[in-house]
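The values are calculated or read from the model by the stated rules, or taken from the named source; none is laboratory data. Please read all numbers here as calculations on a predicted model, not as lab measurements. Using ideal geometry, Cβ is built from the backbone for each residue, glycine included, and neighbour counts are taken over all protein chains shown.
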Amino acid sequence: MLKVDFQKQLDHFNLEMQFELDKEILALVGSSGSGKTTLLNCLAGIVHPDNGTILLNGRHFYKDGQKPLKIQKRKIGYLFQDYALFPHLTAEQNILYAQPGRTDVPHITELTKILGITGLLGKYPHQISGGEKQRVALTRALAAQPDILLLDEPFSALDDANRDRCQEELLRIHEQWQIPIIFVTHRIADAEKLADRIIRVEKGQMAEEAVV
């Protein structure tokens, strides 16, 4: 269970987030610059709230008066909007970056099969398509067997065919892994297709919440 209740002052408004999330898929929708990615970054530990609490499965990521939990100890999978693959590493090396010193990891082998990237493992990012990069980055995000998965505009660079395929793969992974997933999107159709819940964020405020 994820419990979020914090504030963060941004340039033009105060980000105020308060919600709980079980093993569900949550979509964050809203205009650019509304605070959606900042929320993900606060969960990941890249930035910290000004005050409040972030709690996942009884572990405090952030709490007033305590030192924030280090990024490496949060067990979060994060798929960045630009995928953030290392250009000098192969797809396999990018994936195993989350598992230093290990080359035979059964759950990663299974993920590469689920996501259909087994044949891409020896290629570099510049040698594969946008949809293939997305699946490699998703495999890397899941490689450390996270307790929660964060996705920032995961389908924005994909054509319709690849978007549909990646969405189906995400639903399959969620069914198997049963962890909370939060994804940011500008496409209401994506939110309605994938999410159990939708939160609209505008100027740092949770403007509405819909149960799908």
Of the residues that make up the stretch 132-139, is at least one touching a residue at least 60 places away in the same chain (Cβ under 8 Å), touching a strand residue (DSSP E or B) at 6+ places or on another chain (Cβ under 9 Å) and not aliphatic (A, V, I, L, M)? no
Of all residues in the stretch 46-59, which are among the small types (Gly, Ala, Ser) and either closer than 15 Å to Ile199 by Cα or assigned to a strand (DSSP E or B) (or both)? Gly52
Residue that is surrounded by the most Cβ atoms within 10 Å (Cβ to Cβ), among those in the stretch 145-175 that are touching a residue at least 60 places away in the same chain (Cβ under 8 Å) and touching a Lys or Arg at 6+ places or on another chain (Cβ under 7 Å): Pro146
Among residues belonging to the stretch 72-99 that are touching a Pro at 6+ places or on another chain (Cβ under 7 Å) and not in a loop (DSSP other than H, G, I, E, B), point out the one that is nearest to Leu158 (Cα to Cα). Leu79
Please tell me if Gly33 is under 24 Å from Arg187 (Cα atoms), surrounded by 18 or more Cβ atoms within 10 Å (Cβ to Cβ) and either in contact (Cβ under 8 Å) with a residue 40 or more places away in the chain or not charged (D, E, K, R) (or both). no
If a residue has to be farther than 20 Å from Leu10 by Cα, assigned to a strand (DSSP E or B) and either of a type in the set (A, V, I, L, M, F, W, C) or modelled with pLDDT under 90 (or both) to count, how many in the stretch 196-212 make the cut? 5
Condition (residue is of a type in the set (Lys, Arg) and within 16 Å of the chain's Cα centre (by Cα)) applied to the stretch 194-203: is it met by at least one residue? yes
Going through the stretch 48-75 one residue at a time, which ones are at pLDDT 95 or above and aliphatic (A, V, I, L, M)? Ile54, Leu55, Leu56, Leu69
What are the residues in the stretch 80-124 that are at pLDDT below 95, more than 25 Å from Gln176 (Cβ to Cβ) and either charged (D, E, K, R) or surrounded by 19 or more Cβ atoms within 10 Å (Cβ to Cβ) (or both), if any? Asp82
